[in-house]
Each structure stands twice: as structure tokens, then as C-alpha cells.
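Trainee: Pasting in a structure now, in C-alpha cells, and then I'll have a few things to ask.
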Protein chains: 2
Amino acid sequence: MAPRANGIGVQVEDTKICVVMVGLPARGKSFIAQKAQRYLQWLSIDAQTFNVGNYRRTEAPHPSADFFDLGNAEGEKRRRAAAEAAMHDMLDWFRQGGVIGILDATNSTKERRKWVLDTCTKEGIEVLFVESKCDDETMIMANIRDVKLTSPDYVGQDPEQAAQDFRNRIKNYEKVYKSLDEDGDENDYTYLKIMDVGSQVIINRIRDYLQSRVVYYLMNLHIRPRSVWLSRHGESLYNLDGRIGGDADLSPRGHQYAQKLPQLVADSIGEDRPLTVWTSTLKRTISTSRFFPENYNQLQWKALDELDAGVCDGMTYQEIKDVYPEDFVQRDEDKFNYRYRGGESYRDVVIRLEPIIMELERSEDIIIVTHQAILRCIYAYFMKKDQSKSPWMNVPLHTLIKLTPRAYGTDEERFSADIPAVSTWRGKGSTAKHENPTPGANI
Amino acid sequence: MAPRANGIGVQVEDTKICVVMVGLPARGKSFIAQKAQRYLQWLSIDAQTFNVGNYRRTEAPHPSADFFDLGNAEGEKRRRAAAEAAMHDMLDWFRQGGVIGILDATNSTKERRKWVLDTCTKEGIEVLFVESKCDDETMIMANIRDVKLTSPDYVGQDPEQAAQDFRNRIKNYEKVYKSLDEDGDENDYTYLKIMDVGSQVIINRIRDYLQSRVVYYLMNLHIRPRSVWLSRHGESLYNLDGRIGGDADLSPRGHQYAQKLPQLVADSIGEDRPLTVWTSTLKRTISTSRFFPENYNQLQWKALDELDAGVCDGMTYQEIKDVYPEDFVQRDEDKFNYRYRGGESYRDVVIRLEPIIMELERSEDIIIVTHQAILRCIYAYFMKKDQSKSPWMNVPLHTLIKLTPRAYGTDEERFSADIPAVSTWRGKGSTAKHENPTPGANI
């Protein structure tokens, strides 16, 4: 059978890419690496980060800046050994079917980059260098304070002394650092150079679609503070009946939620700034969003419509089990991949949500009013949830979720509207109309 | 009512962008401009190109190279007047609701660029400079021969003399040409710089999603020769019944087409090179593609599935008219925008095809085996067809279409398999199962 297009719509089984981070310390390399890994894994592309610092730390847990001095032969030897150990594990991982490996290290000399390129090329792995270059001292110091001082290297040390030590460590790297293609002799390399957190990017010799998707994602990242709010529509008449899909109106309690939602959102913001509201094109999300203030822009997206249940649209789970017993079992066995007859799978939904995720990455404060399956997929992206588990997550009605992306991971707050609603969660094998979620189902 | 997300999923009504081409003559500026315009119009974004050369030509139809010499005061005055006339018309067009205006000229000096920027900024129009920079003499001369000598400037002239004259004209521009941000004093500008047809691109200060989509599209263009083949699936059992949608098997004549298709394709290539086959996930396209040689890669795309007819899936047009008489009329009134209950409109299909178009632009030889509505949308992109007319186009079964993009426009060839099939074309208001297309319906 011909392969299905994956999350970014391309057959990747023959492509292996090593994304090689380049840049001085405190330039956000690990931030970029972990974002890329999360995005690719969400798209079901096998991706893994190999952090050379972690390999080095097992040998030298708390090195001082001297360790990073080129004059320190012992330090240089150990750092080289760490790079080799990371490369060794990465190549093993590729041989077992890995698709995109991310080598997270400074790779700040031409010699080191050539070694990485040659080693990967020999194994048939494409190399995409990604450099983060930033000369803004304020941004660098903010990064040191926010990220580096919480690193294992500095556990239990005086913050001021640690910050000073870290600045010295950077200076040692600066002595040997060469920006990518700075001398024009790396212009055959495939690379993305991100300057000052995306204010300028240079893209050199991108070769294929998968590379171009990674590059497009990375060039859209920003680090301005913002949050994303998620809510399901208010309880609908179909929810009351235990029916799936359709385009039903809200129940009386659903209308109550719609009325309360703007205040719930305003309270969660803490200051007076307007959000942009995204809904699906279905009545129940549009109706839930009709009381937001006039200075909130609103936008309807077809891509936010509920998972299409095809021939099962409008049925209860009991009806599905009666009419399509085999499908009922198959869906429970692999809910992420099961595609309703004439409808969609969760995997299909992820593909159509990809532009939504891309625009979310570019945007600042957005509230999304959408549907259970869609919310599960978006939540899984931000919270890095396993795609095999996310279709089973409990996402209660009448609850506002606020997600705030941080350097590593995403903070979550929940705000209940205190308006009763039925549960639409369903456990494996169950055909109950309304079932109490098991404790493990709470996301 | 909240605005619907448009073709690239973003609300653009408040955004106006002037794309300002920059570069020496024969660098493919007009090629880029017309591709961008076609792409945006296909996405229902109002876009228009303003070519300064056309304004200049009305004044000086056959200028010699001297005309472009800076020392020629009369020439300079007229070229300035042409730029002002183009700008004047463009601003008028923006005031009438235009979204993306493309100013196609050399804009080769900093002064001219500052004038464009200031003039647009005063009107609340964002400016995105797009420079094509190319120093490859072979590529430049190829462009002069292929494109420029067919230009109105050189009608009736000796080709060799004309080429020489054109080279001299470029030399005059070279004297004053400054590449974007070459001196570092244009680094506040939003720009895309494309070097040597995309081998390197620099992206500076892209500000919003719409800009980023234009940039992403332009950076994926290539000019390597290639073709795209389009075919509908073979005749299906549903086609025989006059039913729409579904997931039916092929009819006996549909199977004949599947058997004949590989040879039809091979004959149309003219040489022995393998293609990549894209199908939908539905039986009738997969079945139609099962006899291609083993060295043809195959890939299934959900995005290539037929337009979802929602509640009307599996019905004949007579049944639709009987059960949903209002919908039947509404669809005929505005077929591009009409969305089936629980299903899709042509506009929705265009949105989900956008990644397909992007990958097609990046790719080389592809054959797409898909469905009537999908083929109409893809065809409309390449052949620049009006979206209000494309849903009515006749796309006969058992016919292979070969499209070959050229510098300006796309060449088309058709190859009939000479295997009879029913017609699935339908005229406005008709409920006939099989109807002969009117002559005007042929695309």
C-alpha cells in the first residue's frame, strides 16, 4: 500500500535530517531545539534532541568557566568526548528509524561543523544548520537569568557569582566562535541563520520540503510574552442527547456559559487588553462567543470545526456500536488513527490544524472557542502530550483553560464557570451517554 | 457576522500590503510578480500588479538604451513620470479595497525605494520589498533571450541587435543600482532578498502572517523545467448512477482506464523518467493508480479527497433537488461559496489545497490522480481561471492533462484514453444524470 502523507503532508520515510544548532551560549538554542522537537513529534514525525551539555555534565557536573577555556586541554578533551558520545547515540537512533535528530550544542567552530557534516553525510543524513545569533546584551542577560541559572551546572551556587561565571564562559566561546558562513567558505551548507530572535533570517540552500517546513516553523517563532486561551463551546442540545457531531444549538446552560465567558476571560487576563477570538464555523462555538466586547476581533475557521464523524455524524455511541460494531471496536483500539467512514481521524485533524498552530506561534493573545477533539489536539501541542493518549483526555465543558508558553514548557491555569454541564468524556468500550471521567483521564 | 478566514486562513480586511519588486532587468522580477498575483487571486485575496514599464511604454514605445542612461535628462524625467503614474493608479486601487498591490519596476536606487515606502506608509499601506539578485551570467542571458526579446519594446527588431541593446540598458542600471540594505541603512525595511533564484534568501523584519505567507510562497518557487499531470479517477459505479461523493469502486470501463493510464503518461513524457503519483485516500483514485511502474513513488493525500457533500453525499442531483430544494438553488447561484450542509464549499477546498499547491511549487514531475472538484481547483491555479467560473468547468473522465509552467503562463496538452465514459458535467439548474457539456464549459 502507498504510504499516507504524514502530518506535514509529505512522505518522509526516506529522509533523515540532522538539525545542528549553532551559536554562543544563552542565545536560545535549546529553546529552539525543544520547540522544533515538540512540533515534529506532534506531527507524528520521529524527532529527538541530543544535548551535548548533558553528556558533558555526566563527566563534569559543576565546571567553572576555566573548563571552557581553549587553553584548558583537559576541558577541551572532555568537551570533544561529550560531542562524540552525543553523535554516537544520535547515529544509533537514526539507524533505528529516527527521522529528525537535533544536535543541541554550540558548534561554534568551522572545524566542529565540518566534522558534524562529514559524519552525518557518510550515514546518508542531510544536515541543516540552525544558528541563533544575537548581539542584544539585554536579551542575553535575560536569558542567563531566566534559564541558565536554573541549569544543573549551577545548582546550589550564589546567583550573582553564577551569572558572572556564565558571562566568563561565553567569553571563552567568543574567542573561537565563527558565525555560519561568516568567511564565505560555508556557502555550500544548508542553513538557517536567525538574527536577533527572528528580526532577520537568512536561509541558504534549503533542499527539500521537510527542510523547508522546519525552517518555516522556526522562522515564525517569537518570544514575546503571551497566552492562549482554550474553551469548548457551551453545552449543546446534542451534548444533552449524547449525540456526536452535528450543528446543534446551545442548551439553556450552554447559553449561560456564553454569557459568563467574557467575564471569566477578563478575570484571567488580569489587565485590560483585548483578545482575538477564533471560533469554528459551527453554531455552537459562534453562539458561545457572541458576548465578547466589541474590541475583541472575531474570526471563524473551518479548520477549527469538530472532527468529522462521517456516516456516524449525529449518532449516539450506542447507535454507532449497533450499526457499525466493527468500527466501534477499531476506534477504541487506535483512536488516534481510526478514521470514521466518510469522515476523519485525529491524525487527519492534526494535519488540518497545522496552519492554526503556525498562526498561533506567530500571534500574541488568542482565545480559541472550539470542540472537544480539536481542543485535545491543540492542547497536546502546547503541553507535549502523547498522541496515542490525547484522544482520551477529559476536557470538561464550561471550563476555560489558559496556557502561557515559557522558555521550557507551558504553564496552565483552569477557570471553572461553575455552571453544571453533562460530561461528554467516554471511557474505552463504553456507550454511556454521560459518564464520569476516571481520574487518569484528566489532562 | 464575524469574517470567515480566507484562503490562507487569516483575516486580511484591515491589512494592505505593497509588494515592491527590486532588481536589475532580466532578474525574473515580473515572473515573481505574476506568480504572486496568481497565487493570491487563487486564494481570493484581491491582488494586482502595476508594471511601471507598461506606463513608460505608452510614452516611449521603442526606447533605445540611451533612454535609460542617467545622463539622459529627458529619459529620467519620463521614467519618473511612469513610476508616479503607476503609484497613482495603485493607490486608487488600494482605496477601492485592494489588499496586495505589486509594484513591478527596478526600484534600483535607495532614493526611489524611500519614495515608495514614504508614499505607501502615509496611506497606511505596509511595504514588503522583494529583491531578486542574480549574478549568474548564463541565467541572465537566458532570461533576456526567452523573455525580454519577446517584449513590446523590441517588436520587429533584429534579435542580435536587440540583445545587445538590452545588455547596454542593464549596464546603465548597474551604474546606480544598490542592492537592498547593501549599506546597512535600510535594515528597518521589511524585505525578502532572493539570491540566485532561491539558493539563498534573506528575510528581514517580516511583521505579520500575511507577509509571512507571501514570503514563504516566494521562497519556494523554482524555475527548473517540469510538468504536472492531472487525471480524474477512472469512471466509477457512482458516476454510472449519477451519484456524488461516496467511496465507490471503478466501473469496468474505469478499470480499463487504470490499465491504460501508465502508457498514456509514458507517451506524454517522451523520455524515460519516473514520476511521483499523488492520489486521494479514496478507492477510486488508488485503484486508478495501481498499474504505474514500481519506480513511480506513490503518496496518498487526504487533502486530495473529493469535495465533501455533507448530507448530500451519495445522492443524485434529482434527489438533492427533491430533499433540499433551497440548497439546490443556492448552490447554482454561487457554486464557489456554497457550502453543503455538514460538508464543504469550493472555497473550503481551496484552503485545504493550499499546502498541495505549495508542495507542487517546490516539486518537479508529479502526476495527481484525483476528483472532479479538486482537479478544477488545481487547474484554476495553474491556468489562472476565475474562481466563480472554475466550479462549472468540464473535466472529462478518461483524459490526461499535462501542464507545463513557463515564464509567463502554463502550456496545456490533453491526451484522451479513447475509452468511453459517462459525462459528470452538469449545467446550471440541471438534474440530468449525464448531460453533454455546452461548448463554453470546456476549460
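Taken together, the values in this text are just the output of simple stated rules run on the coordinates, not laboratory data. None of the values given here were measured: they were computed from a predicted structure. With ideal geometry, Cβ positions are generated from the backbone for all residues, glycine too; neighbour counts draw on all protein chains shown.
Trainee: Rounded, prolate or oblate: which fits the range A:326-429 when a ≥ b ≥ c are the square roots of the eigenvalues of the alpha-carbon gyration tensor, with rounded for a/c under 1.5 and prolate only if a/b beats b/c? Please report the intermediate quantities before stating the final value.
Mentor: Numbers: a/c = 2.00, a/b = 1.34, b/c = 1.50.
Note, shape of the range A:326-429 comes out oblate.
Trainee: Give the shape of the range B:289-385 as rounded, prolate or oblate, defined through the alpha-carbon gyration tensor: a ≥ b ≥ c are the square roots of its eigenvalues, a/c under 1.5 means rounded, and otherwise the shape is prolate if a/b is larger than b/c and oblate if not. Kindly include the intermediate steps, with their values, before the conclusion.
Mentor: On the way: a/c = 2.88, a/b = 1.86, b/c = 1.55.
The shape class here is prolate.
Trainee: For the protein assembly as shown, what is the convex hull volume of its Cα atoms per residue in Å³?
Mentor: Working: hull volume 168.7 nm³, N = 886.
Convex hull volume per residue, Cα atoms: 190 Å³.
Trainee: Determine the shielding of peptide A:287-300 by partner chains: average, over its residues, the number of Cβ atoms on other chains within 10 angstrom of each Cβ. Working shown, then result.
Mentor: Details: counts 0, 0, 1, 1, 0, 0, 0, 0, 0, 0, 4, 4, 8, 6.
Mean partner-chain Cβ count within 10 Å for A:287-300: 2.
Trainee: What is the range A:228-441 by shape, rounded, prolate or oblate, if you read a ≥ b ≥ c off the alpha carbon gyration tensor as root eigenvalues and call it rounded for a/c under 1.5, prolate for a/b larger than b/c, and oblate otherwise? Mind showing how you got there, number by number?
Mentor: Working: a/c = 1.73, a/b = 1.42, b/c = 1.22.
Taking the square roots of the gyration eigenvalues as a ≥ b ≥ c, the range A:228-441 is prolate.
Trainee: Give me the inter-chain shielding for B:190-197: mean count of other chain Cβ atoms within 10 Å, whole number please.
Mentor: Numbers: counts 0, 1, 0, 1, 1, 2, 1, 0.
Mean shielding count: 1.
Trainee: Could I ask something else about it? Using a 10 Å cut-off around each Cβ of peptide A:199-209, what is the average number of partner chain Cβ atoms that fall inside? Mind dumping the intermediate values first?
Mentor: On the way: counts 6, 8, 7, 7, 8, 5, 5, 7, 1, 2, 6.
That works out to 6 on average.
Trainee: Across 20 Å bins from the origin, how do the percents of Cα pairs in chain A run, short distances first?
Mentor: Histogram of Cα-Cα distances, whole percents per bin: 23, 48, 26, 3.
Trainee: Let's test the formula: R0 of 35 Å, r as the Cβ-Cβ distance of A:Ser423 and A:Gln259. What FRET efficiency results, to the nearest 0.05?
Mentor: Step by step, r from the Cβ atoms, then E = 0.95.
Trainee: Between the range B:9-75 and the range A:199-251, how far is it from one alpha carbon centroid to the other, in angstrom?
Mentor: Between the Cα centre of the range B:9-75 and that of the range A:199-251, the gap is 35 Å.
Trainee: Also, I was wondering about something else. Among bridges DSSP assigns within chain A, what percent are antiparallel (round to 5)?
Mentor: Numbers: 18 of 52 bridges.
Expressed as a percentage, antiparallel bridges in chain A total about 35.
Trainee: Helix-only estimate, please: 222 nm mean residue ellipticity of chain A, summing -39500 (n - 2.57) across DSSP H runs of length 4 or more and dividing by its residues, to the nearest 500. Could you put the intermediate results ahead of the total?
Mentor: On the way: 14 runs with 171 residues, N = 443.
Helix contribution divided over all residues of chain A: -12000 deg cm²/dmol.
Trainee: When ranked by the protection proxy of mean other Cβ atoms within 10 Å per residue, highest first, what sequence do the peptides B:346-354, A:399-407 form? Working shown, then result.
Mentor: Details: B:346-354: 22.2, A:399-407: 17.8.
Result, highest mean Cβ count within 10 Å first: B:346-354, A:399-407.
Trainee: Then there's this: Considering only DSSP states other than H, G, I, E and B, which chymotrypsin sites (Phe, Trp or Tyr not before Pro) in the range A:62-104 qualify as loop sites with at most 14 other Cβ atoms within 10 Å?
Mentor: Values: sites: A:Phe67, A:Phe68, A:Trp93, A:Phe94; in loops: none.
Sites meeting the loop and neighbour criteria: none at all.
Trainee: Just to be sure I understand: of the beta bridges DSSP finds with both ends in the protein assembly as shown, what percent are antiparallel, rounded to 5? Could the numbers behind the result be given before it?
Mentor: On the way: 40 of 110 bridges.
Antiparallel: roughly 35 percent of the beta bridges in the protein assembly as shown.
Trainee: Also: If R₀ is 51 angstrom, what is the calculated FRET efficiency for the pair B:Lys110 and A:Asp411, using the beta carbon separation as r and rounding to 0.05? Kindly include the intermediate steps, with their values, before the conclusion.
Mentor: Numbers: r = 46 Å, r/R0 = 0.90.
After rounding, the FRET efficiency stands at 0.65.
Trainee: Something else now. Nearest 0.05, what FRET efficiency do B:Glu333 and B:Asp135 give at R0 = 41 Å with Cβ-Cβ as r? Write out the running numbers ahead of the final one.
Mentor: Working: r = 54 Å, r/R0 = 1.31.
E between B:Glu333 and B:Asp135, to the nearest 0.05, is 0.15.
Trainee: A follow-up question, please. Projecting each Cα onto the charge dipole of the protein assembly as shown (Lys/Arg +1, Asp/Glu -1 at the beta carbon, about the Cα centre), which of B:Gly71, B:Gly409, A:Ile203 comes out farthest on the positive side?
Mentor: The one lying farthest along the dipole's positive direction is B:Gly409.
Trainee: Using a 10 angstrom Cβ neighbour count of at most 10 plus a DSSP loop assignment to flag exposed GluC sites (Glu not before Pro), which longest range of chain A is free of such sites? The partial results should precede the final answer.
Mentor: Values: sites that count: A:Glu13, A:Glu271, A:Glu294.
The segment A:14-270 is the longest one with no such site.
Trainee: A follow-up question, please. Could you run the Debye sum over the Cα atoms of the range A:265-316, one equal point scatterer each and no solvent, and tell me log10 of I(q)/I(0) at q = 0.22 Å⁻¹, two decimals?
Mentor: The Cα Debye sum returns log10 ratios of -0.86.
Trainee: Starting from the range A:381-443, pick out the chymotrypsin sites (Phe, Trp or Tyr not before Pro) whose DSSP state is loop and whose Cβ has at most 14 other Cβ atoms within 10 Å. Can you show the working numbers first?
Mentor: Numbers: sites: A:Tyr381, A:Phe382, A:Trp392, A:Tyr408, A:Phe415, A:Trp425; in loops: A:Tyr408, A:Trp425.
Those that pass, being in a loop and sparsely packed, are A:Tyr408.
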